[in-house]
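Since the structure comes first, as structure tokens, the remarks are kept for the end.
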Amino acid sequence: MCGIVGYIGNKQATEVLLEGLSRLEYRGYDSAGVAIFSDQHITVKKRAGRLANLAGVLEHSPMEGQMGIGHTRWATHGAPSDQNSHPHTNETEAIAVVHNGIIENYMDIKQWLQETHKIVFRSETDSEVIAHLIAHYYENDLKVAVQKATARLQGAYAIAVMSKDEPDRLIAVRKDSPLIVGKGENENFIASDIPAILKYTRDVYFLENGELVDLKREGVSIVDEFDRPVEREVFHVNWDLASAEKEGYPHFMLKEIEEQPAGVRETLNQRLTAEGNLNLEGLTMTEDDLAKVNQVVIVACGTAYHAGLIGKALIERYAKIPVTVDVASEFRYRDLFVDEHTLFIAVSQSGETLDTLAALREAKRRGARVLTICNVVGSSVARESDDVMYTWAGPEIAVASTKAFTTQLMAFQLMALRFAELRGSMAQEEIRTVIHELKKLPDQIQQVLTMKDEISNLANQHFHKDKVLFLGRGMDSDIALEGSLKLKEISYINSFAIAAGEMKHGTIALIEEGTLVICLATQKHVYEKTLSNMKEVKARGAYVVAIVQEDAEQVDDIADVVIRLPKTSSMLTPILSVLPMQLLAYYTSIERGNDVDKPRNLAKSVTVE
Ligand code: AGP
């Protein structure tokens with residue numbers, strides 16, 4: 001989960017690289033560095049800490065040169081430090097490398113280089129091995145040296161390499177980590193993600209696994225892992241840099257919370273005909289395909305996993321197909337009952353989460369059909385799926401996922417309705433009724449977001465708490481998990497979610513005077529029972545914030561604060577009930593003085609296992 005960028009052209013490379021790295025900090029930001037070619041040699045400058053540290057060094061001692069590579073890091077091997085930062089070079093600094101990913105067999109290679117070739121390593125990283133290995137194989141062709149070196153690597157990598165002996169050439173190659181190529185006029189770029197190069201070009205190539213790109217000023221050439229030329233269509237990026245920037249908001253997270261009405265509306269409208277019928281172009285499954293499916297398995301991580309839990313409830317209710325949901329890091333190690341009758345659904349905002357990608361590959365290997373809900377066009381998970389339902393949330397930069405989540409829920413609503421249509425488990429009239437309700441959601445989301453000030457006041461009262469509980473029943477318990485994750489990952493408060501009915505089996509012992517309890521009670525069929533759970537914790541001193549539908553009764557006599565959501569079907573409330581908890585987490589994080597968009601220990605895209 002690092003960011004890499006490379007440039008060759010007629011501009012000063014340092015400026016281009018710093019611009020690119022500033023757009024990639026969401027991928028990791030504990031250190032950064034650049035390597036610039038000029039006057040027959042490579043100069044490397046790298047620093048621990050945020051990109052600003054490096055920018056300060058470069059301002060103080062600028063580097064001239066029109067070719068270079070850069071890196072922003074999220075540490076996996078070796079603590080954040082100058083030495084462990086990228087780029088890494090071989091001993092003579094003839095080869096410089098930046099790397100995103102993890103080399104699983106780096107110790108073997110490192111030992112071989114040290115013992116057989118007396119190589120002296122200067123860092124604790126796996127990535128440094130790559131620089132020495134390429135130098136070992138280098139004769140007079142950088143591409144060949146990179147191909148020989150990467151043939152020995154096991155694990156995930158997106159690598160950019162330059163050689164002091166080849167001043168007009170950058171080589172980049174990927175396996176299991178993302179890499180795109182930016183195509184310019186007498187200049188070309190490589191980067192981990194599109195925002196890094198959007199200031200300079202909108203024309204990109206997505207590299208597939210195993211592909212290598214040979215980057216020159218006058219053009220780029222791509223070959224596959226067998227060195228066969230690859231013809232690739234240029235993808236023209238149609239969203240602008242502004243949409244990947246804060247646009248006046250104090251934080252990306254608040255901007256992205258506010259973008260949810262638009263994202264949910266886009267994700268819905270792109271899949272309805274003018275007559276209001278379903279038109280899921282990304283879902284090519286036919287009636288026969290679906291008839292062969294006897295189970296659905298949804299696999300994801302973190303927030304995407306919570307979306308999967310809601311997806312389960314929707315698919316089972318609408319389409320009457322049994323669904324299991326699993327976290328990707330556990331899925332592969334279970335005794336799996338996955339075969340050609342399984343529909344495997346991956347959910348991933350970034351499309352680069354390695355745990356999810358690995359689970360998807362295992363399911364494919366077993367014959368399952370793979371459908372993905374993803375927010376990044378051309379991402380690895382999307383490209384390896386049979387079908388993709390893209391969420392149209394736009395770039396999500398804040399580490400804490402918000403608009404991706406609500407658009408994933410909308411995608412699951414539409415997918416479940418389409419399955420019901422294909423299986424005949426819902427009448428067309430019923431489907432149209434649900435679609436009619438879905439169309440109201442963007443405005444209802446907007447209505448909930450007007451509660452910002454009320455939620456901010458709540459955060460101001462409770463931000464000092466050291467424990468917060470989230471309760472709910474049915475889908476409310478799934479959304480409680482998401483509310484708890486939001487709070488803990490950006491406020492660092494120890495919070496957790498539990499099915500409300502489970503409290504009496506032990507956890508209620510944690511309740512003491514003033515304990516903050518957020519209780520969701522939007523599911524009508526279990527509303528009375530959830531009220532009872534509120535009374536249980538209230539009687540033991542809890543401060544209860546209830547999140548209910550606008551017509552809920554009795555709750556005012558029990559809870560200390562009641563947040564009322566616009567009226568909708570119980571099957572649709574998750575898209576609304578998550579919103580107050582997103583806002584609570586956001587304002588609590590600010591009250592505690594945290595870096596809302598880049599919380600400690602985390603990165604936006606977890607591309608390591
Ligand atoms: C969400 O707020 C977290 N940042 C994290 O749990 C995230 O949802 C998870 O890493 C999955 O990421 P993905 O959706 O990009 O696969």
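The values are calculated or read from the model by the stated rules, or taken from the named source; none is laboratory data. Computed from a predicted structure; not experimentally measured. In this analysis, Cβ positions are derived from the backbone assuming ideal geometry, glycine residues included, and neighbour counts consider all displayed protein chains. Each accessible area value is taken on the protein alone, full model and side chains, heavy atoms only, with ligands, DNA and RNA left out. Shrake-Rupley method; radii C 1.70, N 1.55, O 1.52, S 1.80 Å.
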Task: Failed criterion for Ser401 (all others in (1) in contact with a strand residue (DSSP E or B) (Cβ under 8 Å, 6 or more places away or on another chain); (2) crowded, with 21+ Cβ neighbours inside 10 Å; (3) in a loop (DSSP other than H, G, I, E, B) hold) - done: (1)
Task: Residue list for segment 504-553, filter: more than 34 Å from the chain's Cα centre (by Cα) and of a type in the set (Asp, Glu) - done: Glu512, Glu513, Glu528, Glu536, Asp551, Glu553
- [ ] Take segment 315-373 and flag every residue that is more than 16 Å from the ligand (Cβ to nearest atom), in contact with an Asp or Glu (Cβ under 6 Å, 6 or more places away or on another chain) and assigned to a strand (DSSP E or B).
- [x] Val323, Arg369
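Considering only residues that are part of a loop (DSSP other than H, G, I, E, B) and either open to solvent by 10 Å² or more (accessible area, probe 1.4 Å) or within 8 Å of the ligand (Cβ to nearest atom) (or both), look in segment 379-392 and name the one that is farthest from Glu340 (Cα to Cα).
Trp392
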TODO: Determine whether Ile490 is in a helix (DSSP H, G or I), within 16 Å of the ligand (Cβ to nearest atom) and β-branched (Val, Ile, Thr).
DONE: yes
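Per-residue answers, yes or no, for (1) open to solvent by 30 Å² or more (accessible area, probe 1.4 Å); (2) within 14 Å of the ligand (Cβ to nearest atom):
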residue: Pro566; (1), (2): no, no
residue: Pro574; (1), (2): no, no
residue: Leu579; (1), (2): no, no
residue: Gln582; (1), (2): no, yes
residue: Ile590; (1), (2): yes, no
residue: Gly593; (1), (2): yes, no
residue: Asn601; (1), (2): yes, yes
residue: Ser605; (1), (2): no, yes
Task: Which listed residue, of Leu531, Leu481, is hydrophobic (A, V, I, L, M, F, W, C) and more than 16 Å from the ligand (Cβ to nearest atom) - done: Leu531
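Listed here are the residues, each with its yes/no results for (1) more than 27 Å from the chain's Cα centre (by Cα); (2) more than 30 Å from Lys488 (Cα to Cα); (3) within 16 Å of the ligand (Cβ to nearest atom).
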| position | (1), (2), (3) |
| --- | --- |
| Thr267 | no, no, yes |
| Leu272 | no, yes, no |
| Asp289 | yes, yes, no |
| Thr303 | no, no, yes |
| His306 | no, no, yes |
| Lys312 | no, no, no |
TODO: State whether one or more residues within segment 326-339 are closer than 27 Å to Pro442 by Cβ and not β-branched (Val, Ile, Thr).
DONE: no
Open item on the list: Need pairs with beta-carbon distance below 6 Å; first residue closer than 16 Å to Thr573 by Cα and near the ligand (Cβ under 8 Å from one of its atoms) and within segment 396-422, second part of a helix (DSSP H, G or I) and open to solvent by 10 Å² or more (accessible area, probe 1.4 Å); sequence gap 6+ or separate chains.
Closed with: Phe405/Thr303
- [ ] Answer yes or no: is there a residue in segment 491-501 that is modelled with pLDDT of 95 or more and more than 22 Å from Thr303 (Cβ to Cβ).
- [x] yes
